[in-house]
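The values are calculated or read from the model by the stated rules, or taken from the named source; none is laboratory data. Remember, predicted model here, so these are calculated numbers, not experimental data. Here the Cβ positions follow ideal geometry from the backbone for every residue, glycine too, while neighbour counts run over all protein chains shown. Side chains included, ligands, DNA and RNA excluded: accessible areas come from the protein's heavy atoms. Shrake-Rupley method; radii C 1.70, N 1.55, O 1.52, S 1.80 Å.
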2 protein chains.
Amino acid sequence: MDETLCMPRRRKCAATTREMIFEAARARFLSESYDTVGMRDIARDAGVDVALVSRYFGSKEDLFRLVLKGGEDRKFELPGNAAELPAFFLSMIAQGEDAECGHQRDKLMIMLRSASSPAAAEVIRSSFGRDVLEPLAGVIGEPNADARAVLAMALLIGTNFLKTVMPIEPLSQDELSHFRAELLRLFERVLVPQA
Amino acid sequence: MDETLCMPRRRKCAATTREMIFEAARARFLSESYDTVGMRDIARDAGVDVALVSRYFGSKEDLFRLVLKGGEDRKFELPGNAAELPAFFLSMIAQGEDAECGHQRDKLMIMLRSASSPAAAEVIRSSFGRDVLEPLAGVIGEPNADARAVLAMALLIGTNFLKTVMPIEPLSQDELSHFRAELLRLFERVLVPQA
DNA sequence: ATATAAAGTCAACAAATGTTGACGTGCGTG
DNA sequence: CACGCACGTCAACATTTGTTGACTTTATAT
């Protein structure tokens, strides 16, 4: 039985090119909207023919759905107790490329970018509710778990939107420190129950 | 000399059809992304031929730019002193159709919807900085006017995004009241200096 | 009534979109 | 060696996109 991974003796391996296409699609969807990303763009980035994209991942919508699911990664992964949430949310905004929270933020950004494309809207909505909002409300806990989860996500999404989708000219240095500190305090206010 | 407005004795008047097209475009851009809105959609809504859209407003990008400018309306209009800002921001989220703040929110929503379309991005960015962020920072005042303006807009944008672009299933009634009260407190914390 | 200019319609264009089928190529096995 | 299969390429498709030019209709002015 052959390994499912790419064997070096075979010059061309479907699994690796599939991965390349997937990664190219992921990068594209991360920085552009669903409609503006073309199959040919993805194919060019991956260094393959356009036909292969459709061949390996059925339709464009299927590909997008798979990218949004995050490949083999499972659900949104967030801290177990509410006390660690504010720092976690802040790290989702700071541009440090933590491997752990990078995936999470990427998923969120992909959702942000394509949320207003009808073809991608339903996929995004269901994934957002199931994989993000619901688990978050679970960690936050009563009272008003849902409302506070929405509030926290609104703050996170708004900030990331201004930062990434609609790039804001960078704030001055002391303003930025104030920005971060205030942001952390806001997250604490919304997320931890006793505050 | 003729009046520039449509005269009733003339059956067809360019100004009124131009207005119809403009209004149709406005409505479309308000609920869809720049890329998904087609010239033919706008024309159908306005009840005219596609060619007229291109004839009256040069290109699609020109039309979008004009819609974003708000027709004849001038810049973003917001309360003069910082104390009234929180209530104003909250009213921008509540779905009450105040004539005064309706225009403002519509502009914001149009920006939100099409921000990730490269063709519309630069138009939106410049308008957002010039017409929204800058005046807001002026009203907020020191210290850290820019940072706090960004923070407030992040909260507003995030909430409106979750509410409109990615429609969230409605919160329960007491959660919603908590939501609004907490939201107002957050806006107060960010916007009024002494808080 | 006839000419003139505005207002609108029709058809077509070039380019780009997602998707599909036929075809070529190199590998491992009979 | 030759067969068959996995892997990939090429070309073309049907649609849709924004935009443009020529033509028709309508209302005013001479």
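Here residue B:65 sits with roughly 100 square angstrom of accessible surface, probe radius 1.4 Å. With the whole protein complex present, residue A:21 retains an accessible surface near 0 Å², based on a 1.4 Å probe.
Anything losing 50 Å² or more of accessible area from the isolated chain to the full protein assembly: pick those residues out of region A:165-190, probe 1.4 Å, ligands and DNA/RNA ignored. Buried on complex formation: A:166, A:175, A:178, A:179, A:182, A:186, A:189. Only DSSP H runs of four or more residues enter the estimate; each adds -39500 (n - 2.57), and after division by the residues of chain A the mean residue ellipticity at 222 nm equals -19000 deg cm²/dmol. With label points set 7 Å from Cα along Cα→Cβ, the inter-copy distances at residue A:83 are 4.1 nm, sorted shortest first. Note on residue B:181 and residue A:19: their simple-model spin labels are 5.4 nm apart, each label 7 Å out from Cα toward Cβ. Distance to the A-onto-B rotation axis is smallest for one chain A Cβ; residue and value in angstrom are A:158, 1. Sorted from nearest, the other copies put their residue B:188 label points 2.0 nm away, the label point being 7 Å from Cα in the direction of Cβ.
Report the rotationally averaged projected area of the protein assembly as shown based on its alpha-carbon convex hull, in square nanometres.
On the way: hull surface 97.9 nm².
Over all viewing directions, the protein assembly as shown projects a mean Cα-hull area of 24.5 nm².
Report, as an integer, the average count of C-beta atoms from other chains found within 10 Å of each Cβ along A:142-154.
Average neighbour count from other chains, rounded to a whole number: 6.
Work out how much length residue A:59 to residue A:130 would gain on full extension: take 0.36 nm times their residue separation and subtract the Cα-Cα distance, in nm to one decimal.
Numbers: separation 71, 0.36 × 71 = 25.56 nm, distance 2.32 nm.
Difference between extended and current length: 23.2 nm.
When the listed pairs A:107/B:163; A:163/B:163; A:107/A:163; B:60/B:107; A:107/B:60; B:107/B:163 are checked against a 24 Å cut-off, the alpha-carbon distance exceeds it for A:107/B:60.
With the label put 7 angstrom out from Cα along the Cα-to-Cβ vector, residue A:19 ends up 6.3 nm from the copy partners, going from closest to farthest.
Heavy-atom accessible surface of residue A:103, to the nearest 10 Å², is about 90 Å², with a 1.4 Å probe and all protein chains retained.
Going by Cα centres, region A:158-195 and region A:31-53 are how many Å apart? About 34 Å separates the Cα centre of region A:158-195 from the one of region A:31-53.
Could you sort the peptides A:149-158, B:37-46 by per-residue average Cβ neighbour count (10 Å cutoff), highest mean leading? Kindly include the intermediate steps, with their values, before the conclusion.
Working: A:149-158: 24.2, B:37-46: 17.8.
So the order, starting with the most tightly packed, is A:149-158, B:37-46.
For the set B:182, B:142, A:61, solvent exposure ranked by accessible area (probe 1.4 Å, protein chains only) runs largest to smallest as B:142, A:61, B:182.
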